[in-house]
Amino acid sequence: MQISRRALMLGLAAAPLAGCSNAELGAELDEGNFGNPTAHNVLVMTGQLPYVIDLADRFNATVQTMVTFDFNSVALDAQARAALLAQARFIRHFPEATFRVYGHTDLVGSSAYNRRLGLRRARAVVNFLVRNGADRRRLQAVVSEGENRPRVQSTDRERENRRTVTEVSGFWQSHPTIQNGEYASIVQRQYIEGAHG
């Protein structure tokens, strides 16, 4: 699943302020995440945003970012495991990047139950990635969309809605390359190595 540049920018900008209330003054101006314009400007001014977008585009083009689940299940089938192995390889290759896993459900069941189930799915994916070499500190599975963002509008059991989506969420600020502001080398490394492999 391709993420839009606008969605990525809003998500990156909201990350440092995830605990803020949607009722903040001016929320209607920035779609409910107070502080997005400031966070977005910081990413632009420090040079991070273009490289996060490039890395996200590369991730979306290289691996399958979505895996689906059986009804009321968090078990990873063979197809999901294969997709996640490719994700784990990519994540290991970019030790300075952070990733977020979003859990989703179909519309069957209560909203509260579906939010918990979406989170359990996201955690199952993170645990699999960690078992396959990804650094847990760079993965976030605390986001559950539950039934709020269906891919297919249906009140029935719909596999496309029972999914997780992994996205590039930013850069890990404690990594020395990030501290030195060498963002271009991060993206360039993948392109150069890809040309030789």
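The values are calculated or read from the model by the stated rules, or taken from the named source; none is laboratory data. Model, not experiment: these values are computed from the prediction. Every residue, glycine as well, gets a Cβ built from its backbone with ideal geometry; the counts of neighbours run over all protein chains shown.
Listed values, structure above:
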item	result
Positions within the stretch 62-99 being surrounded by fewer than 20 Cβ atoms within 10 Å (Cβ to Cβ) and either charged (D, E, K, R) or not assigned by TED's automatic domain parsing to the domain that holds V168 (or both), in sequence order	D70, D77, R81, R89, R92
Residue under evaluation V168, criteria (1) over 25 Å from D70 (Cβ atoms); (2) modelled with pLDDT of 85 or more; (3) surrounded by fewer than 22 Cβ atoms within 10 Å (Cβ to Cβ), criterion not met	(3)
Enumerated helices (runs of 4 or more DSSP H) restricted to the stretch 48-157, each holding at least 2 residues that are modelled with pLDDT of 95 or more and within 23 Å of V168 (Cβ to Cβ)	78-93, 111-131
From the options F69, F59, F99, residue that is in contact (Cβ under 8 Å) with a residue 60 or more places away in the chain and either in contact with a His (Cβ under 8 Å, 6 or more places away or on another chain) or within 17 Å of E160 (Cβ to Cβ) (or both)	F69
